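For reference, the structure is listed below as structure tokens.
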Amino acid sequence: MNRKFHSPQGFTLVEVMVSVSIFVLITTIGIGALMNINNAYKQSRSQRIAIDSLNFVLDSMSRQIRTGSQYSCDPSSPLVECYNSSGSSSFYFVDQKKREITYRFVNNAIERIIVDSNGTVTTEDITTPDIITLANVVFRMRGANTSQIGSTQDSIQPFVVITINGEAHYIGKTTPIALQTSITQRLLDIPSGS
């Protein structure tokens, strides 16, 4: 009995070409998906940096304003309220260290002006225009203690509402940003009979 066994000796050329084509197709799809995920991560991270930066600025302003006194929307005239619909683009107060501080919206950024007890003036931008371009910053304030300028004292605890509108820039794209916060003066400023 003479049997011939036919043993396979490998893959045919067609089988190898089909296998390689399927491998290349799956790899191309996988690499494209990984690149999209990586780009989405970079955009998300850049946007988060911009928003965190603005949140830090707003939190820092809030902390300083909350512990301050003598709120005013007009640095040249103390204790001026600005709670109407248009508000004001600047806000003045005196901090715990008795420094006069003004926050104002100028050149698409928030600027802080500090005048210390010696009269030394320090001016600095506290937002970064390359990351965030502000379109509008509005300060609205109520409850200024008018008794210090000769009128009767009000019965409202001083508070400020800050509204910020602008754009965050990241990887060639912009995202609109709108933030608002309310700040109440920590120092009690309501007469005891109210």
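No value in this document is a laboratory result; all are computed from the given coordinates. All of these numbers come straight from a predicted model, not from anything done at the bench. Here the Cβ positions follow ideal geometry from the backbone for every residue, glycine too, while neighbour counts run over all protein chains shown.
Under the simplified labelling scheme, the ASN55-LEU34 pair shows an inter-label distance of 3.1 nm, with each label point 7 Å from Cα along Cα→Cβ. Comparing GLY68, ASN38, THR122 along the charge dipole axis of region 28-148, the residue lying farthest to the positive side is ASN38, per the Cβ-charge model. When we measure straight from the Cα of LYS173, which aspartates and glutamates land under 18 angstrom away, once same-chain ones fewer than 8 places off are left out? The reachable aspartates and glutamates, counting only those whose Cα sits under 18 Å from LYS173, are ASP52, ASP130. A protection proxy built from the mean count of other Cβ atoms within 10 Å ranks the segments 11-23, 117-129, 42-54, most packed first, as 42-54, 117-129, 11-23. Projected onto their three principal axes, the Cα atoms of region 35-184 cover extents of 67, 34, 23 Å, largest first. For region 35-184, the relative contact order is 20 percent, taking Cα pairs closer than 8 Å that sit 6 or more residues apart in sequence and dividing their mean separation by the residue count. For THR163 and ARG48, the FRET efficiency from 1/(1 + (r/R0)^6), where r spans their Cβ atoms and R0 equals 25 Å, is about 0.70.
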